[in-house]
Amino acid sequence: MPKKTIEQLDVKGRRIFVRADFNVPQDDKGRITDDRRIQGTLPTIRSVLSRGGCVVAASHLGRPEGKGFEGEFSMAPVAVRLRELLGEDASAVRLVGKLPTDVDAAAAAAVLKPGEVLVLENLRFEKGEKKGDATFAGKLAAYADAYCNDAFGASHRNDASMLALPSAMKPKPCVTGLLLARELKFLGETIAHPPRPFVAILGGAKVSDKLPALHHLIGRVDMILIGGAMAYTFLLAQGKSIGRSLVQRDLVEQARAMLEEAPRKGTRLVLPVDHVCGQSLEDNVPTEVHAEVPDEWIGLDIGPASRTVFAAEIAKACLVVWNGPAGAFEVKPFDAGTVALARAVAAATNAGATTIAGGGDTAAAVEVAGLASALTHISTGGGASLEMLEGKVFDSLGPLDEA
Ligand code: AMP
């Protein structure tokens, strides 16, 4: 059942607790280096403010110890950026209190007026957040008249603000924000009822991280294109030479079993047919392209023939789901395979396919290729988007009202 969204809720004169994912990267001076997660929740916040409601916005940021205020993990830079981004859409954006549930924060929540945003301090300053504590959640529940979950990036976790809080707020309304609704639409409904052919692209370094997703997707998708270092575990299972490429030898047997099982279940597993090899992972080292990785060499990207094979399959797809880069894309020229895939996926989108990219690295790679707006959906959640591909159902969605 689809969940009720913030747009379906009358917010006039109401205080809405928006659990956002403001867990943004910062440099060593505390400056935000990428504010996409803050931008992602703006439509939800604007939807409340423009209809005469007010917002209590809360998130975790980084990994504080849970023993009280720590300046390094303060939400202050987030509040400043939120104020800049909202501009005249909010009559005030204030960070109040040193802890989410101290008397100052509680007092500010009690007098919040339509058009205003109260930002709470880092939820993880209080140990109750990670513990999923009901008493902590109960204090937050008193701040608002309705709860809105817009924190897709945290939705696979059972932290207090994600699970105990909506439960504590009942019978007050509990809805999804627009960002979360979009993520659930694409990573949930679209994948559950896929247009076909449905092609998955998996890459990245570790097969172990992607095994549960592979297991879930086999039998559900028409084809899985495997790139990145994870391909070498499969190639080794096929008896190919892989030189010094990254491999998980303990998983070779599982990889072999998957290669046998997939076609029986109607899924083709497609591996790279050539590799851009280097002798170390450094910028602009000499490279060679080989069909099998020679001794002493490391496979660091899919080769040109593989890009052509993968692109041809992507071009035939009606649905593409992509998680994990095709090579060590942070180091040139080993970004070329990932960029080529991003172009192929963008072209498929243009031709009418639905295309979904997830995982922090994949989103970053698509961004670097300048193609972020050329895909149907780029997920903001790394771990959460991978867990959706594993077919997991998140507890945190349970307490949210159905549409
Ligand atoms: P993951 O977190 O498992 O999605 O892996 C992402 C990382 O995999 C990125 O940092 C890539 O640089 C790395 N990666 C992808 N392909 C390779 C490869 N062939 N050799 C080494 N690292 C790779």
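The values are calculated or read from the model by the stated rules, or taken from the named source; none is laboratory data. Since this is a predicted model, take the numbers as computed values, not measurements. Heads up, the Cβs are rebuilt from the backbone with ideal geometry, glycines too, and the neighbour counts pull from every protein chain shown. Accessible surface areas use protein heavy atoms only, side chains included; no ligands, DNA or RNA. Shrake-Rupley method; radii C 1.70, N 1.55, O 1.52, S 1.80 Å.
For the stretch 283-295, taking the residues that are modelled with pLDDT of 95 or more and charged (D, E, K, R), the one that is most open to solvent (accessible area, probe 1.4 Å) is identified as Asp295. Of the residues making up the stretch 340-369, those that are surrounded by fewer than 24 Cβ atoms within 10 Å (Cβ to Cβ) and touching a Gly at 6+ places or on another chain (Cβ under 9 Å) are Gly360, Asp361, Ala363.
Take Val247 and decide whether it is modelled with pLDDT of 95 or more, within 15 Å of the ligand (Cβ to nearest atom) and farther than 15 Å from Trp322 by Cα. First the steps, then the outcome.
Numbers: modelled with pLDDT of 95 or more: yes; within 15 Å of the ligand (Cβ to nearest atom): yes; farther than 15 Å from Trp322 by Cα: yes.
In short, yes.
Out of Val199, Val175, one residue alone is within 30 Å of Glu261 (Cα to Cα), open to solvent by less than 20 Å² (accessible area, probe 1.4 Å) and either more than 16 Å from the ligand (Cβ to nearest atom) or not in a loop (DSSP other than H, G, I, E, B) (or both). It is Val199.
Residues in the stretch 133-172 that are in a loop (DSSP other than H, G, I, E, B) and open to solvent by 20 Å² or more (accessible area, probe 1.4 Å): Asp133, Ala142, Asp145, His156, Arg157, Asn158, Leu163, Lys170, Pro171, Lys172. Please determine whether any residue of the stretch 303-324 is open to solvent by less than 30 Å² (accessible area, probe 1.4 Å), of a type in the set (Ser, Thr, Tyr) and in a loop (DSSP other than H, G, I, E, B). There is no residue in the stretch 303-324 that is open to solvent by less than 30 Å² (accessible area, probe 1.4 Å), of a type in the set (Ser, Thr, Tyr) and in a loop (DSSP other than H, G, I, E, B).
Going by the structure shown, is Gly381 under 16 Å from Asn23 (Cβ atoms), within 15 Å of the ligand (Cβ to nearest atom) and without any contact (Cβ under 8 Å) to a residue 60 or more places away in the chain? Steps first, answer last, please.
Working: under 16 Å from Asn23 (Cβ atoms): yes; within 15 Å of the ligand (Cβ to nearest atom): yes; without any contact (Cβ under 8 Å) to a residue 60 or more places away in the chain: no.
No.
Restricting Phe334, Phe310 to those that are of a type in the set (Phe, Trp, Tyr), away from the ligand (no atom under 11 Å from the Cβ) and modelled with pLDDT of 95 or more reduces the list to Phe310.
Within the stretch 384-403, work out how many residues are part of a loop (DSSP other than H, G, I, E, B) and within 21 Å of Phe22 (Cα to Cα).
Initial filter on the stretch 384-403 (part of a loop (DSSP other than H, G, I, E, B)): 390-394, 398-401, 403.
In the following step, the residues that additionally are within 21 Å of Phe22 (Cα to Cα) were identified as 394, 400.
Residues flagged as part of a loop (DSSP other than H, G, I, E, B) and within 21 Å of Phe22 (Cα to Cα) within the stretch 384-403 amount to 2.
With respect to Asp35, determine if the residue is open to solvent by 20 Å² or more (accessible area, probe 1.4 Å) and free of Cβ contacts under 8 Å to residues at least 24 places away in the same chain. Spell out the reasoning first.
Numbers: open to solvent by 20 Å² or more (accessible area, probe 1.4 Å): yes; free of Cβ contacts under 8 Å to residues at least 24 places away in the same chain: no.
Answer is no for this residue.
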